[in-house]
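Data block below; observations after.
The values are calculated or read from the model by the stated rules, or taken from the named source; none is laboratory data. Since the structure is predicted, the reported quantities are computational estimates derived from the model, not experimental observations. All Cβ positions, even for glycine, are placed from backbone atoms using ideal geometry, and neighbour counts span all protein chains on display. All accessible areas refer to the heavy atoms of the entire protein, side chains included, with ligands and DNA or RNA removed. Shrake-Rupley method; radii C 1.70, N 1.55, O 1.52, S 1.80 Å.
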Amino acid sequence: MMNRRTLLLAGGALTLNYLLMGCQSRQEAALRVRLLANSLPPQILGEFQHRLAVEFRASDQLADLFQLLKTWQTPTPEQPRFGLPNLARPVAVADLVTLGDFWLTAAVQQNLIRPLSLESIAGWQQLPPAWQQLVRRDAQGLPSETGQLWAAPYRWGSLVVAYNTEKFRQLGWTPTDWKDLWRPELKGHLSLLDSARSTIGLTLKQLGQSANTGNLETVAALPEQLKSLHQQVKFYSSDAYLQPLLLGDSWVAVGWSTEVLPVVERDRRIAAVVPASGTILTADLWVQPTKATQANQPPPIQQWLEFCWQPQIAEQLSLLSLAASPVLVTQNRTQLPTAIQQNPLLLPSNEVIERSEFLLPVANSDQYRHLWETVRQMG
């Protein structure tokens with residue numbers, strides 16, 4: 001029987017072929033999509049290309065895609081190289097681009113993207129309210145019940161606690177919630193993200209507060225709790241937090257499920273859990289650049305979004321990309337593939353999801369930065 005890993009190995013060879021095929025047919029493409037590498041399985045890309053001529057191009061990092069939006073907004077004159085004016089050409093503006101929810105506010109504020117008409121697209125109503133609210137913003141990129149829809153969520157993950165099972169077998173317990181990070185036996189054995197919002201956010205969750213608390217001064221216990229957590233930490237890193245765990249230099253690492261899940265699958269020593277009291281969510285979104293050549297939202301964009309939100313495509317995406325489609329949250333779980341039902345890292349229980357939240361813009365963001373800097377300087 002072919003499992004998910006086999007499909008990934010078979011599909012890996014297809015990815016480049018699909019992207020190259022898109023590049024070769026640039027003039028005929030009805031839709032140009034710039035996506036985060038590996039955020040969609042090649043099988044899904046190929047299936048849609050059988051329906052429509054699409055140019056798919058991938059970028060390795062979400063930060064690169066945000067920078068690309070900025071480049072398209074304010075293009076710089078092309079400089080000839082070695083006297084050959086056509087040697088290097090600027091990247092054509094895509095019709096849709098992957099953007100992480102972290103960058104959505106800035107993208108709206110800087111006029112890098114335009115609103116999308118989503119209510120009439122099949123699948124939009126299947127998305128959970130939290131995912132719909134995430135992308136409904138005012139002209140300043142702030143959450144607004146009467147705002148426009150600026151993006152279409154297509155996959156998501158969560159902040160999880162990964163741990164070395166061999167070390168915890170000796171301790172006689174395993175982590176289940178944020179409070180476990182403060183246990184004295186973990187002092188000097190913890191890796192955390194180098195992120196004020198994420199680290200303060202999980203500390204707020206541990207205190208039973210919202211990760212989007214607007215005024216941190218209303219949470220009297222927060223500074224001391226954050227200081228205590230800082231004293232537990234051996235490493236801070238936003239991109240290399242798993243290496244110390246794999247090398248045995250730390251016993252626990254807090255990180256994103258989309259990065260932790262591949263490690264859990266290939267290394268039997270590593271396990272992970274979504275904290276029972278709720279966690280921080282993150283989403284990958286489709287956005288349309290302001291400078292897209294097609295001024296109005298064309299039918300191919302609607303076809304692509306509708307395709308991504310089809311239940312069977314949502315299941316394939318979730319199984320093969322190690323990130324869940326938001327469509328699954330509202331589905332009957334007993335009807336989902338067994339591999340999804342039995343993977344709480346991929347799709348946590350509805351109770352945990354209800355206690356979780358996306359990081360949203362806060363009115364007093366300077367408070368987070370100041371508190372973070374103060375605690376880090378304590379040593």
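Here are the numbers for this structure:
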{"read-out": "Residues being among the small types (G, A, S) and modelled with pLDDT of 95 or more - total across the stretch 307-322", "value": "2"}
{"read-out": "Residue check, T334 in a helix (DSSP H, G or I), more than 20 Å from the chain's Cα centre (by Cα), of a type in the set (S, T, Y) and surrounded by fewer than 19 Cβ atoms within 10 Å (Cβ to Cβ)", "value": "yes"}
{"read-out": "Residue under evaluation N296, criteria (1) open to solvent by 60 Å² or more (accessible area, probe 1.4 Å); (2) modelled with pLDDT of 95 or more; (3) of a type outside the set (D, E, K, R), criterion not met", "value": "(2)"}
{"read-out": "Test: E217 is assigned to a helix (DSSP H, G or I), charged (D, E, K, R) and touching a residue at least 12 places away in the same chain (Cβ under 8 Å)", "value": "yes"}
{"read-out": "Test set (1) closer than 30 Å to K70 by Cα; (2) open to solvent by 20 Å² or more (accessible area, probe 1.4 Å); (3) at pLDDT 95 or above; (4) not charged (D, E, K, R) - A283 fails condition number", "value": "(2)"}
{"read-out": "Pair list, Cβ under 7 Å, 6 or more apart: the stretch 349-375 residue farther than 25 Å from W103 by Cβ, other residue modelled with pLDDT of 95 or more and open to solvent by less than 50 Å² (accessible area, probe 1.4 Å)", "value": "V352/V274; V352/A276; V352/G278; R355/S277; R355/G278; V375/L226; V375/H230"}
{"read-out": "Failed criterion for W150 (all others in (1) of a type in the set (A, V, I, L, M, F, W, C); (2) over 30 Å from V375 (Cα atoms); (3) open to solvent by less than 10 Å² (accessible area, probe 1.4 Å) hold)", "value": "(3)"}
{"read-out": "Residue check for S257: more than 18 Å from the chain's Cα centre (by Cα) and under 26 Å from P361 (Cβ atoms)", "value": "no"}
{"read-out": "Single residue of the stretch 197-225 satisfying the filter (within 16 Å of D366 (Cβ to Cβ) and among the charged types (D, E, K, R)) that is surrounded by the fewest Cβ atoms within 10 Å (Cβ to Cβ)", "value": "E217"}
{"read-out": "Selection status of L45, surrounded by 18 or more Cβ atoms within 10 Å (Cβ to Cβ), aliphatic (A, V, I, L, M) and either closer than 21 Å to C308 by Cα or at pLDDT 50 or above (or both)", "value": "yes"}
{"read-out": "Breaking point among (1) over 21 Å from the mean Cα position of the chain (by Cα); (2) touching a residue at least 12 places away in the same chain (Cβ under 8 Å); (3) more than 30 Å from W72 (Cβ to Cβ), for A292", "value": "(3)"}
{"read-out": "Whichever residue in the stretch 260-290 is basic (K, R) and assigned to a loop (DSSP other than H, G, I, E, B) and, among such residues, is farthest from V161 (Cα to Cα)", "value": "R268"}
{"read-out": "Residues that are open to solvent by 60 Å² or more (accessible area, probe 1.4 Å) and more than 13 Å from L193 (Cβ to Cβ), drawn from the stretch 226-262", "value": "K227, Q231, K234, Q243, L247, D249"}
{"read-out": "Matching residues in the stretch 178-190 - criterion: being assigned to a loop (DSSP other than H, G, I, E, B) and without any contact (Cβ under 8 Å) to a residue 12 or more places away in the chain", "value": "R183"}
{"read-out": "Residue in the stretch 100-117 that is part of a helix (DSSP H, G or I), closer than 30 Å to L319 by Cβ, modelled with pLDDT under 95 and open to solvent by 10 Å² or more (accessible area, probe 1.4 Å) present", "value": "no"}
{"read-out": "Of all residues in the stretch 235-275 being touching a strand residue (DSSP E or B) at 6+ places or on another chain (Cβ under 9 Å) and of a type in the set (D, E, K, R), the one that is nearest to R155 (Cα to Cα)", "value": "E259"}
{"read-out": "Meets criteria (closer than 27 Å to Q297 by Cβ and modelled with pLDDT of 95 or more) for L68", "value": "yes"}
{"read-out": "Conditions (1) crowded, with 16+ Cβ neighbours inside 10 Å; (2) at pLDDT 95 or above; (3) in contact with a helix residue (DSSP H, G or I) (Cβ under 7 Å, 6 or more places away or on another chain); (4) not polar (S, T, N, Q); number of the one not met by G123", "value": "(2)"}
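For (1) open to solvent by 50 Å² or more (accessible area, probe 1.4 Å); (2) in a helix (DSSP H, G or I), each residue gets a yes or a no:
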position	(1), (2)
Q302	yes, yes
S318	no, yes
V329	no, yes
A339	yes, yes
N343	no, no
I353	no, yes
V375	no, yes
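Every residue, every condition in (1) within 30 Å of P115 (Cα to Cα); (2) in a helix (DSSP H, G or I), yes or no:
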site: Y154; (1), (2): yes, no
site: L159; (1), (2): yes, no
site: Y163; (1), (2): no, no
site: T176; (1), (2): no, no
site: D194; (1), (2): no, no
site: R197; (1), (2): yes, yes
site: G201; (1), (2): yes, yes
site: L204; (1), (2): no, yes
site: S210; (1), (2): yes, no
